[in-house]
Structure formats: C-alpha cells, structure tokens
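The values are calculated or read from the model by the stated rules, or taken from the named source; none is laboratory data. Keep in mind that this is a model prediction, so the values were computed, not measured. Glycine gets a Cβ as well: all are built from the backbone with ideal geometry, and neighbour counts include every protein chain shown. Note: areas computed on protein heavy atoms with side chains; ligands, DNA, RNA excluded. Shrake-Rupley method; radii C 1.70, N 1.55, O 1.52, S 1.80 Å.
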Amino acid sequence: MSARKLVAGLGACAVLLAAAGCGGSAPSGAAGAAGGRDTGPVKIGALHPVSGGLAVDGQQMRRGARMAVEAINAAGGIKALGGRKVELVTGDTQGKAEVGQSEAQRLISEGAVGIVGTYQSAVSTNVAVVTERNEVPFVMDVTASDEIFAHGYDYSFRVQPGSEVISAAAAKYLKAVSEEAGEPVKQVAFLHEQSDFGSGAAEAFAAAAGDLGIKVDPVISYDAATVSDLTAQITQVKASGADVLAIAGYYRDGLLAAKAINAVKPGLNAVWGVSNGAFDQPKFVADTGALGERYFSTNYHFDAQDPQTRELRAEYQRRYGAPMRTGAVLAYDAVQTIAAGVERAGSTDPLEVRDGIAGAEVEPLTVGSGPISFAPNGDNENALPVLMQVQDGKVVQVYPEDKAEAEPNYSVTWRS
Amino acid sequence: MSDTKNGGAATLDPATPESSPARRLLAAPDGTGALLRRAGVVGGLAVIAIAVALLKSGSGLVVWQSVVTGLLMGGLYGLIAMGLTLIFGVLDIVNFAHGALLAIAMFIAFGVVQGTGLHPYLTLLVAVPALFLIGAAVHRGLLSGTGGASLENQLLITLGLSLLLENGLLMFFGAEPKNVSLPGDFQFSLFGAVVAGGRLYAFLGALLIGAVLFWLLRRTRFGTAIRAVAANGQGAELVGVNVRRVHTLTFAIGTACAGAAAVLAAPLVTVTPTLGEQFNITAFVVVVLGGMGNVAGALVGGLLIGLVEQLTTIYMDGQSSLLGVFVVFLIVLFLRPQGLFGRRA
C-alpha cells in the first residue's frame, strides 16, 4: 500500500472526468444547413449554459430570448416576410466549449437563421468558429473577451460592451466621481481573478488609468476556482496605501472579497467593481447585508430608466418569480437584433440576414448611448457601461448623469 | 494500557509490526525521537519559507497575515482529511465521494438554518449524525461487497457516487450559490493580523475533533478493535471482532468527520453543489503528505498545505495557489512516498 495507489487513482479519476465531459452529439457538416429555412417559422437559435454551475444565468438568458420571440410574434411576426412567425430553437452548452460547438452545429442544421449566446467567452470563441464556417450570423449577448473581434470574422456581432470598453469607462468614471466628491483618486489597487477575463480587465484598466494620471499598484490576482479566503490579499491592499480598490471577479469570490474587506478594513475611499460578477447582483446585496453597502460596479446593465425595460422586468418577475438579470435583457436585445436583420433583409438567407444585421439599428433595453449598431469588427459601437452602486440595500445607477437614478456616494461604510 | 505504549496493535500482530497499518493510525510509529526530528525539519523548512516570503513581499504584516490565514485554513483542511485518512487506513478505500458528502452536509446545515433559524453551529447536532448514517448506508449498500475486488471497482463506485450526489444537490437546491451567515460573528487582531471568529472556531473545532478521534482510537475498546482490524482483519475476526461492523462504523465515523468539517466551514464559504471538488484535491494531497492512514499526520499536513497555499500567492503572483501545493506534493512523493509521518510500507 503506497502513495502509488492513490496517484494511480487520481489518474484514473482524471480520465473518467474527461470522458464524462465529452457528452453531447455533434451532427457533422452543414449539409442540412438550409433545411426548412424557407417555410414555416423563422428559427432563431439560443445557446446558453442551462445546466451545470452557471445554470441560473443560462436559464435567465434562455427565458429572456423566449420573451423576445413572443414579443415579436405578438407584434405580427416578420412583416417583410408576410408576417411569418419566429420560433426559438434552444441548445445547452453545459458551460463547456466543446459542447457549445456541437450544439451550435446542431442548431444550424435545424435551420436557425442566426444564433444568440453564450454567456462565456471561452464558449463563444468556439461557437464563433462554427458560425463563421457555416456562414450563419452569431449575435453575442454576454461575452466579455475582446479577442474574438480581432480575428476579422464576418458573422460575429456583440451587443454588450467589451472588456476593454468597460475597463476604460471604469477608470474614466472613477476619476470623474472621485473629483466631484472632492477626493481625487491617487492610487488604485487592482484585485482580479487570474483567467483571461480578470487579467484582461486589469490590464485594460491599468492602461486607461495610466493615461488619466492614476497610479495602479499593486495588481493582485487569485484563482477563482479554489480561493476560500482573501484576507491576506486585502491585507496587501491595506499595506500598499491605495485609496481605491478595483475588483474584477465572479460572484463567489466577490462575496469572499467583501467579507475580507470588512475584516481588514483597509483605508479606502471606494471599492470599485470592474466587469464584476457580484457587486451589481441583487443577490449580493441580500447575501452581504451591510457589508456590501456603497460598493460601486462598472458594467453593462439593463436600462433602469427605460419604461419598456421596466415593463419587461416586471413581466419576467411575474412569470418566473425572480428578478430579471441583465444577462437576460441582453439576450432579449440580441434576439431583437437578429429579427431586425431578417426584417431588413426580407429573406431568411443567412448571408442576407448577416448584411441586414450589420446595417440594423435596434433600440436596446440595456443601457446604450444610442441604438444597437455595429462597427465593422462586429462590436456594438453604442454599447455603454454604466456605474452602479449599492445604496440602502438596492443596486442603483449613479453615473453617467443621464442614466443616473441617484447621486454617487463616494465613501465606504467602515470609515464613516 | 500496556499495549498502547508500544504501538497497541503490535501485540495482536507481532509478526509484521513494520508494515502494520494499525501503526499508521497512530502518531508515533517510529518512536518519539524520530518523529520530533522530522517535525523539526518540517518546521525549519516552514521558517525558511516564511523568511523568503518576507524578503519577496517586503511587508511583515502581509506575510504575518498570510501565515495566520494559512494556518487557520490548514486546520480545516486537516479536519476534512482526517476522515479521509481514517477510511483509507482501515478500509483501504480511496473515497472520492468525500467532497460530495461534505457538500451534502453543508446543504443540510444550510437547510436547517434556513428552516428553523437555529445557530449554524447547532446544526452539528443534525449534520454529524446524518452524515454518520449516510456513511454507514453507503458502506453497507455500495462498498462492503467490494472487499476483495480491484481498486478500480472502488474508485468507480465512489467517483460515480460523488457525481450522483453533486447532481442530486444541483437538481434539488439549484445552482444558485447559498450563504450561511454566522450571527454575532466577531474578529480581533493578533499582532496586527486579522482573525475572524468563524475561522478561529473552525480551527479550534478541527483540533478538538482531531483529539477526540485520537482518543477514540487509542484509549477505547472500539478503537482497539479498529486498530486490530486495520492490522490484521483475519486475526481480529478470530479473536471475536466483527470486522464487517468495524468497517461500516469506521466509514461512518470518517464521513461524520466530513459532516463536522462542513458545518464549521459553511459560514466561511459560499455553498454550491460542486463545492466538494474544491476541497477534495486538497484533502487527498493532505492525506498523502501526512502519511496515508495517519490521523495526526493529516492535521499537521493540513496546516502545512494551508501555509504553502498562502505563501504561494506571495511567491508567485498570478499563479494558482494549487501550483505551490502540487510542487510540495511532488517533492514529498519523490523523497518520502510514505508521507511525512508515515512509515515505509
């Protein structure tokens, strides 16, 4: 009996897990790509992680897409095609890139004229390859990574503001808000999870902040999958003397950060979320109570000022008994965009739909500086990150001014 | 008490004291001198590691906080690994479902707190017996038949069980992360390092449960029976020990340890169905490091891994803390495959 037995066991375990991860059938080739496109309802594919660890968001987004389809049909379907109805065909990525890829292939074979998805950058990266090869438009609702748009793909579009746009806005808003409060920011400590998402956000933020004359130091990373205590990292922030802490991470680690900050009580003027997966969630407010009060978050967001968005969210709450998250509103926007492309094209031919989307202008229900309209690389040029803050147990929009529901409160609870 | 002085089970199995697994259950298989020497080496290396971290970071406070946090986390790792190492030492089962069982206990704690408003620590009264029973049922129902079967059989069963349990939790509770809050949580400063009350309780709880387990194994009739079965199942059976029962009870006790660890850890983490995975790998590393089957070694190994994890983040910014853990793991496997406190098999 030795360690060898255990090591052999761990190896066997790894093989088994890999095998278990390879589920999902992959109809090969695009032979049936055009099947059923010219008759019956116009099919739009929705690809999200509705099982696995991200199922909560995946379900939200699929429902958002479904509500968009229902709204289009209730308004008379696609008018340019004589009122043909729209149908949502759905796929489950399980949060895995290879499953997303095979599911995208399946939806295309079933005749989808366009696909919306997928919530995760890694999955979208793989799906974009499939849609490009099959020449079917892919409108991303949530996908932070900017890399996909550097490949020169013709069929990839994105509704949400990208990672770089959010990070640059976060730096700009921070400078403006801190100056208005009479305590201009001097030094920012950046805490981020270590994958592409967090490190990309940190790099983009440091570049933008540097241009504005803000020092970013130290930059501290952690492994979001295994971290169970951030006290030492927050102590490092405290020792650095930074006056603002910017954080890019996911939900679970965001909660850990809030607990550690409350324990260490560093000398900060503000906690500043950058594309943060926790600080603008109603659940974060409920889970942290007073700890999370006054946390800022720069991110994409549903337009809290727009009456149509309010109505949609109220309807979602009625139907599903939970608040509608921004991801679901973005999925709604993405479906609207594909439908607008079909409408403009007056055809279900993917190439013409693609051109229709490229030239479309769609009023979003998420915050934007104008209608959804795509730059040549496929990015929504009017996507606008917004600054939110937890105030009195609620997440409210506080900046820029024309989107603000309340004044920003540039202070932290443990120092006042 | 005469038999406990020289390793306990030795009298039951005088022919093979060298390889006796029963000896692995005890802290001092090599005699106190050798053990102290080895502990000294480990301690010395830890001091050097901390000194290097101090040079790298330049801030005494940051390193001190890392050491305190690492030891507090390490106690918890040790507690989780203790159950695992007990099961391994007596039954020779590598239990991959340990993490999933931990997650079950966390959801029990969450459910009870949510449903009744009890203090989270009081859910120990529910979670520990529940996990004891689940452990007994799992052993009786799934594992007792695999006694002579190949290692792969047990691996597949425990791995399959862990997938089943995790997905069951996902189906029943959903993927939404859950939060167990500790009422009246406090914190204090230990020479500048912040210590949260919940983490201190978890650490002390780990020490206490480790001591109880040690006492159970060394000072009770039942403990003697466990050691006898671990040493020589056939011999134990001949002198009237019900081996099957001891196996089931040992598996149940090991699982109950996971239950206790889960309740103590619940307020410190976000509770999700896949949470077990997070602790499983660390626990296995701790088990190997401490010497497989060595309960006290598991606690020391846990403290060491907690420390390594925190110091890694100082040494290598931007790397997973697991990297440092696995570097230490590999070094130990090369130099002492029987673990720091285990005996060569």
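Observations on the structure shown:
- Test: B:Ala252 is of a type in the set (Gly, Ala, Ser), within 30 Å of B:Ala225 (Cα to Cα) and assigned to a helix (DSSP H, G or I): yes
- Some residue of segment B:293-305 being within 11 Å of chain A (Cβ to nearest Cβ), open to solvent by less than 40 Å² (accessible area, probe 1.4 Å) and not hydrophobic (A, V, I, L, M, F, W, C): yes
- Test: residue in segment B:165-178 that is touching a strand residue (DSSP E or B) at 6+ places or on another chain (Cβ under 8 Å) and open to solvent by less than 40 Å² (accessible area, probe 1.4 Å): yes
- Sub-6 Å Cβ pairs linking a first residue in segment A:47-70 that is within 9 Å of chain B (Cβ to nearest Cβ) to a second residue that is at pLDDT below 85, at least 6 apart or interchain, are A:Gly53/B:Ala175; A:Gly53/B:Thr274; A:Ala55/B:Ala175; A:Val56/B:Ala175; A:Val56/B:Glu176, ordered by first then second residue.
- Taking the numbered list (1) surrounded by fewer than 24 Cβ atoms within 10 Å (Cβ to Cβ); (2) in contact with a helix residue (DSSP H, G or I) (Cβ under 7 Å, 6 or more places away or on another chain) in turn, A:Glu203 passes all entries but (2).
- Qualifying residues in segment A:144-155 (those that are farther than 21 Å from A:Asp57 by Cβ and outside any loop (DSSP other than H, G, I, E, B)) - the one least open to solvent (accessible area, probe 1.4 Å): A:Phe149
- Hits in segment A:72-114 - residues which are of a type in the set (Gly, Ala, Ser), farther than 22 Å from A:Pro350 by Cα and touching a residue at least 12 places away in the same chain (Cβ under 8 Å): A:Gly95, A:Ala97
- With respect to (1) open to solvent by 10 Å² or more (accessible area, probe 1.4 Å); (2) at the interface with chain A (Cβ under 9 Å from one of its Cβ atoms); (3) part of a loop (DSSP other than H, G, I, E, B), the lone exception for B:Glu277 is condition (3).
- Output for segment A:67-86, where each listed residue is in contact with a Phe, Trp or Tyr (Cβ under 9 Å, 6 or more places away or on another chain) and open to solvent by 30 Å² or more (accessible area, probe 1.4 Å): A:Ala71
- Of all residues in segment A:124-142 being of a type in the set (A, V, I, L, M, F, W, C) and more than 11 Å from A:Ile338 (Cβ to Cβ), the one that is most open to solvent (accessible area, probe 1.4 Å): A:Val129
- Of the helices (runs of 4 or more DSSP H) entirely within segment A:36-143, those holding at least 3 residues that are farther than 24 Å from A:Gln317 by Cβ and modelled with pLDDT under 95 occupy A:97-109, A:121-134.
- Counting residues in segment B:102-109 that are over 18 Å from the mean Cα position of the chain (by Cα) and open to solvent by 10 Å² or more (accessible area, probe 1.4 Å) gives one or more.
- Residues that are open to solvent by less than 10 Å² (accessible area, probe 1.4 Å), within 14 Å of chain B (Cβ to nearest Cβ) and among the hydrophobic types (A, V, I, L, M, F, W, C) were ranked within segment A:267-298; the one that is nearest to A:Pro161 (Cα to Cα) is A:Ala278.
- Which numbered condition B:Ile134 misses (of (1) surrounded by fewer than 14 Cβ atoms within 10 Å (Cβ to Cβ); (2) among the aliphatic types (A, V, I, L, M); (3) under 30 Å from B:Pro183 (Cβ atoms)): (1)
- The single condition from (1) within 14 Å of chain B (Cβ to nearest Cβ); (2) more than 22 Å from B:Ser57 (Cα to Cα); (3) more than 26 Å from the chain's Cα centre (by Cα) that A:Gly213 fails is (1).
- Total residues in segment A:362-416, condition more than 26 Å from A:Ala314 (Cα to Cα) and either touching a residue at least 60 places away in the same chain (Cβ under 8 Å) or open to solvent by 20 Å² or more (accessible area, probe 1.4 Å) (or both): 16
- Selection count, segment B:191-211, where residues are more than 10 Å from chain A (Cβ to nearest Cβ) and either part of a loop (DSSP other than H, G, I, E, B) or modelled with pLDDT under 85 (or both): 1
- Hits in segment A:186-200 (condition: surrounded by fewer than 20 Cβ atoms within 10 Å (Cβ to Cβ) and touching a residue at least 24 places away in the same chain (Cβ under 8 Å)): A:Lys186, A:Gln187, A:Ser195, A:Asp196
- Top-ranked residue in segment A:217-249 [being open to solvent by 30 Å² or more (accessible area, probe 1.4 Å) and assigned to a strand (DSSP E or B); ranked as farthest from the other protein chains (Cβ to nearest Cβ)]: A:Asp217
So that you can scan it fast, the table gives a plain yes or no per residue for (1) within 14 Å of chain A (Cβ to nearest Cβ); (2) part of a helix (DSSP H, G or I); (3) among the small types (Gly, Ala, Ser):
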site	(1), (2), (3)
B:Leu143	no, yes, no
B:Gln154	yes, yes, no
B:Leu161	yes, yes, no
B:Met171	yes, yes, no
B:Phe188	yes, no, no
